[in-house]
Amino acid sequence: MDSFLGVPITIDSETFGNLYLTNRAGGPFTSDDEELVTTLAATAAIAISNARLYGDACRAQRLSETLNDVTAALLSSPHHDAFSIVTRHLASLTDADMASVIVSDGKENGLRVQDAWGTGAGLAEGTALRPRPMTVLFRGPWTVSPASGQDR
């Protein structure tokens with residue numbers, strides 16, 4: 001490698017990535033090259049930030065529409081099953097293959113899948129779950145995984 005120019009893509013102290021250029025044909029990179037690449041990196045950072053903001057706005061819109069749909073459905077008729085409505089919309093909002101509501105079965109520490117929506121929902125609904133030690137991993141939205149390799 002004969003020459004190298006690296007510029008971070010940052011906005012508000014957050015680095016999205018870097019632009020790297022190598023082996024300039026006319027010799028080493030100049031201050032004009034650095035200024036140009038810095039401007040390009042700033043433009044890229046703004047585009048990335050705007051794309052993230054747009055994604056956040058779209059998610060907020062979907063959530064608002066879903067909450068309106070759920071509220072309207074629950075208020076429109078006493079025959080609607082709240083759990084069914086919530087699981088259906090939750091699966092849609094999160095792009096999950098399946099969503100379920102797990103409730104106490106009234107027995108000591110017993111749980112049961114009250115409602116499920118999506119792939120395998122028919123097999124899951126009504127399933128009794130036996131408690132066992134679990135590890136909870138926090139990564140943005142939380143995930144639960146068994147503490148041991150045993151089946152449920």
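The values are calculated or read from the model by the stated rules, or taken from the named source; none is laboratory data. The structure presented is a predicted model; accordingly, all values stated were derived computationally and were not measured. Here the Cβ is made from the backbone with ideal geometry for all residues, glycine too, and neighbour counts use every protein chain on show.
Taking the options ALA42, ALA25, name whichever one is more than 30 Å from GLY120 (Cβ to Cβ), part of a loop (DSSP other than H, G, I, E, B) and not assigned by TED's automatic domain parsing to the domain that holds ASP115. Give the derivation first.
On the way: ALA42 fails: part of a loop (DSSP other than H, G, I, E, B).
Selected residue: ALA25, the only one of ALA42, ALA25 that is more than 30 Å from GLY120 (Cβ to Cβ), part of a loop (DSSP other than H, G, I, E, B) and not assigned by TED's automatic domain parsing to the domain that holds ASP115.
When residues of the stretch 28-39 are filtered for being assigned to a helix (DSSP H, G or I) and closer than 21 Å to MET1 by Cβ, how many remain? Please lay out each step first, then the result.
Start the filter on the stretch 28-39 by keeping residues that are assigned to a helix (DSSP H, G or I), which leaves 31-39.
Next, from what is left, pick out any that are closer than 21 Å to MET1 by Cβ: 31-34, 36-38.
Here the count works out to 7.
Just name the residue that is farthest from GLN61 (Cα to Cα) out of those in the stretch 81-125 that are in contact with a Phe, Trp or Tyr (Cβ under 6 Å, 6 or more places away or on another chain) and without any contact (Cβ under 8 Å) to a residue 24 or more places away in the chain.
Applying the filter and picking the extreme gives VAL101.
Within the stretch 18-38, is there a residue that is closer than 30 Å to THR87 by Cα and among the β-branched types (Val, Ile, Thr)?
No; the residues of the stretch 18-38 include none that is closer than 30 Å to THR87 by Cα and among the β-branched types (Val, Ile, Thr).
Looking at the stretch 27-72 only, could you name the residues that are among the hydroxyl-bearing types (Ser, Thr, Tyr) and within 20 Å of ARG88 (Cβ to Cβ)? It would help to see each step written out before you state the result.
So in the stretch 27-72, the residues among the hydroxyl-bearing types (Ser, Thr, Tyr) come out as 30-31, 38-39, 43, 49, 54, 64, 66, 71.
Listed by number, the residues that qualify are SER64, THR66, THR71.
Is it true that ARG59 is within 24 Å of THR119 (Cβ to Cβ), of a type outside the set (Phe, Trp, Tyr) and modelled with pLDDT under 95? Before the answer, list the steps.
On the way: within 24 Å of THR119 (Cβ to Cβ): yes; of a type outside the set (Phe, Trp, Tyr): yes; modelled with pLDDT under 95: yes.
Yes.
Check the stretch 66-83 and report whether any residue there is farther than 30 Å from GLY118 by Cα and outside the structural domain of GLY118 (by TED's automatic domain parsing).
no
Got at least one residue in the stretch 65-85 being surrounded by fewer than 15 Cβ atoms within 10 Å (Cβ to Cβ) and either under 20 Å from the mean Cα position of the chain (by Cα) or part of a strand (DSSP E or B) (or both)?
Yes: the stretch 65-85 contains one or more residues that are surrounded by fewer than 15 Cβ atoms within 10 Å (Cβ to Cβ) and either under 20 Å from the mean Cα position of the chain (by Cα) or part of a strand (DSSP E or B) (or both).
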